[in-house]
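Read through the structure below, which is laid out as C-alpha cells, and then see the notes.
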2 protein chains.
Amino acid sequence: MSYASEQRARQREQTRHALTREGRRLFAAQGYTAVGLAEIVRAAGVTKGALYHHFEGKADLFRAVLEEVQQEVADRVAAAADAESDPWTQLTTGCRTFLTATTEPAVQRIMLVDGPAVLGWETWRAFDEAGAARHLAEALTALADAGVIAPQPIAPLAHLLSGAMNEAALWLAASGTAEDLNDTWTALSRLLDSLRVR
Amino acid sequence: MSYASEQRARQREQTRHALTREGRRLFAAQGYTAVGLAEIVRAAGVTKGALYHHFEGKADLFRAVLEEVQQEVADRVAAAADAESDPWTQLTTGCRTFLTATTEPAVQRIMLVDGPAVLGWETWRAFDEAGAARHLAEALTALADAGVIAPQPIAPLAHLLSGAMNEAALWLAASGTAEDLNDTWTALSRLLDSLRVR
DNA sequence: GCTGTTCGCATACCGGCGGTATGTGAAGTA
DNA sequence: TACTTCACATACCGCCGGTATGCGAACAGC
C-alpha cells in the first residue's frame with residue numbers, strides 16, 4: 001500500500017469521527033430516542049448512506065459513542081489513581097475522580113441513563129467492566145491481597161460500590177450543590193473506610 | 001348517581017386494567033422500545049382508540065405501569081419492615097426485602113433499566129422517592145434521630161445505598177446464583193453496619 | 001496513462017410505528 | 001322519547017429507522 005493509498009483511509013476516519021462526534025453531542029443533549037438519524041448526519045455534513053457504511057445502525061453508532069465515553073472516564077480514573085503510590089489512596093482517589101467525572105451531563109445521559117436501555121443491561125455491563133468498573137475491581141482485589149481490606153468476594157462489593165457511585169453522580173448532577181458533593185463524598189469515604197481491617 | 005350508572009365506570013376500569021396488565025407484561029418481557037402499541041392493544045383485546053382514551057400516549061402508559069410496579073415493591077418492603085419492632089432490624093430487613101424483590105426480571109427492566117431512559121432521570125427519581133426509596137430515607141432519619149447511626153446528611157447516604165442495591169439487584173438477576181446473593185447480602189450488611197455508632 | 005476494480009458515500013425508496021381526527025353505538029339523563 | 005355523554009373503534013397521516021441501488025473518485029495492474 002503506497003502513501004497515496006492512505007487518502008481514502010484518512011477521509012474514512014474523518015467521516016467516522018464526525019459521526020461519533022455529532023452523535024455524542026446530540027445523544028448527550030437530547031437523549032437517544034429524541035434525536036433522529038437525519039439530525040445526526042446533517043450535523044456531521046454527510047448522509048445516511050455514510051452512517052450505514054460505518055455502522056450497523058443507530059444503536060451501533062450509540063454503542064461506539066458509549067465506548068468512547070466510558071474509555072475517557074476510565075482513563076481519567078486510571079490517571080488519577082496512578083498518580084498515587086499508596087494502594088488505599090489509589091482507591092479513594094479513583095472513586096473521587098469517578099464521582100466528579102460522571103457528573104458531566106453528557107457522560108450521564110449516555111453512560112448511565114440511555115446506555116442500559118439501548119444496549120440492554122448485560123451488554124452495558126460488559127462495556128462497563130471494560131471501563132472504570134474494572135479499575136475498581138482490580139483496586140479492591142489488590143487491597144484484599146495486601147490485607148488492607150478484609151478478604152471477601154470482590155465482585156459483589158465492586159457492584160455495590162459502582163452502583164452507589166453511579167446513582168450518586170446522577171443525583172449530584174440533578175440537584176447538586178457543592179455542599180451535596182461534599183456530603184456525598186464524606187458518606188462514601190466512610191463506607192470505603194469500613195472495608196479496612198482494623 | 002344510580003347503581004346503573006356504575007356500569008360504564010366498571011367497564012372503564014376493566015379496560016384500563018387490561019391495558020396496564022398487558023403493557024406491564026410486554027414491557028417487562030421485551031423492553032419499552034421493542035414492544036409496539038399494536039401488540040399491547042391486541043393483547044388487551046381493545047384498539048388504539050381505547051389506549052389513547054385512557055392514556056396520553058405510549059410513555060404515559062409506561063408511567064402508569066412503572067408507578068404500579070414501584071408501589072408494589074414499596075409495599076413489600078414496608079410490610080417486611082413493619083413486621084419488625086427494632087428500628088435497626090427494620091432497616092436491614094427492608095434492604096434485604098428490596099434486594100430480593102427487585103431481582104424479578106419484570107421489575108428490573110421496567111423500574112431500573114427502561115424507567116430512567118423513558119421518563120428521564122429526574123422524573124424517574126421523583127417516582128422512586130415516592131416508592132421504596134422514601135422508606136429507606138425515613139428509616140435512616142429515624143435511626144439518626146435515635147442515635148443508632150451517626151448524625152449526618154441523610155439524602156446523600158440514601159442515594160448511595162439505593163444505587164448500590166439497584167445495581168446489585170441487576171447483577172444478581174443477570175448472573176445470580178444463591179451464593180452471589182449471599183455474598184452480596186454479606187457485603188451490604190457490612191456497609192450498613194459501618195453506619196452504626198460504636 | 002489507460003482500464004478495470006474497489007471503495008466511500010449519496011440518492012431514492014419502503015414498511016412500520018406512534019399519534020390524531022373522526023365516527024358510532026350503548027349508557028345515562030331529563 | 002329525545003337528547004347528551006362517554007367509551008371506544010375505525011381510518012388515516014407523518015415521520016423515522018432501515019435498505020437497495022447508483023455513482024464518482026481513488027486505487028491496482030499492465
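Please enumerate the residues belonging to segment A:182-198 that are assigned to a helix (DSSP H, G or I) and either free of Cβ contacts under 8 Å to residues at least 12 places away in the same chain or within 26 Å of B:Asp180 (Cα to Cα) (or both). Within segment A:182-198, A:Asn182, A:Asp183, A:Thr186, A:Ala187, A:Leu188, A:Ser189, A:Arg190, A:Leu191, A:Leu192, A:Asp193 meet the criteria. Filtering segment A:85-108 for residues that are closer than 30 Å to A:Gln11 by Cβ and more than 16 Å from DNA strand C (Cβ to nearest atom) leaves a non-empty set.
Each residue in segment B:72-89 was checked for being in a loop (DSSP other than H, G, I, E, B) and under 20 Å from B:Leu195 (Cα atoms), and 3 pass. Cβ-Cβ contacts under 9 Å between residues 6 or more apart (or on different chains), taken from a first residue in segment B:53-80 that is closer than 14 Å to B:Trp124 by Cβ and within 13 Å of DNA strand C (Cβ to nearest atom) to a second residue that is outside any helix (DSSP H, G or I) and at pLDDT below 95, are absent. Counting the residues of segment A:162-181 that are modelled with pLDDT of 95 or more and within 7 Å of chain B (Cβ to nearest Cβ) gives 9. Would you confirm, using the coordinates I've provided, whether A:Phe98 is touching an Asp or Glu at 6+ places or on another chain (Cβ under 7 Å) and of a type in the set (Phe, Trp, Tyr)? Here the answer is no, as A:Phe98 does not meet what is asked.
Total residues in segment A:60-101 satisfying the condition of being farther than 24 Å from A:Gly176 by Cβ and in contact with a Leu (Cβ under 7 Å, 6 or more places away or on another chain): the figure is 4.
Within segment A:28-71, the residues that satisfy the criterion of being part of a helix (DSSP H, G or I), charged (D, E, K, R) and near DNA strand D (Cβ under 9 Å from one of its atoms) are A:Glu39, A:Lys48, A:Lys58, A:Asp60.
Please verify whether B:Ala137 is surrounded by fewer than 22 Cβ atoms within 10 Å (Cβ to Cβ) and at pLDDT 95 or above, treating the condition exactly as stated.
Taking the combined requirement at face value, the residue satisfies it.
Say whether the condition of being more than 14 Å from chain A (Cβ to nearest Cβ) and within 8 Å of DNA strand C (Cβ to nearest atom) is met by at least one residue in segment B:13-31. Within segment B:13-31, not a single residue is more than 14 Å from chain A (Cβ to nearest Cβ) and within 8 Å of DNA strand C (Cβ to nearest atom). The residues in segment A:127-156 that are in contact (Cβ under 8 Å) with a residue 60 or more places away in the chain and over 21 Å from B:Thr186 (Cβ atoms) can be counted, and the count is 6. Looking at B:Ala106, B:Ala142, B:Ala155, B:Ala178, just one residue is within 26 Å of A:Ile110 (Cα to Cα) and more than 15 Å from the chain's Cα centre (by Cα), and that residue is B:Ala155.
The values are calculated or read from the model by the stated rules, or taken from the named source; none is laboratory data. All values reported here derive from a predicted model rather than from experimental measurement. When we count neighbours, we look across all protein chains shown, and the Cβ atoms used for this are built from the backbone with ideal geometry, even at glycine.
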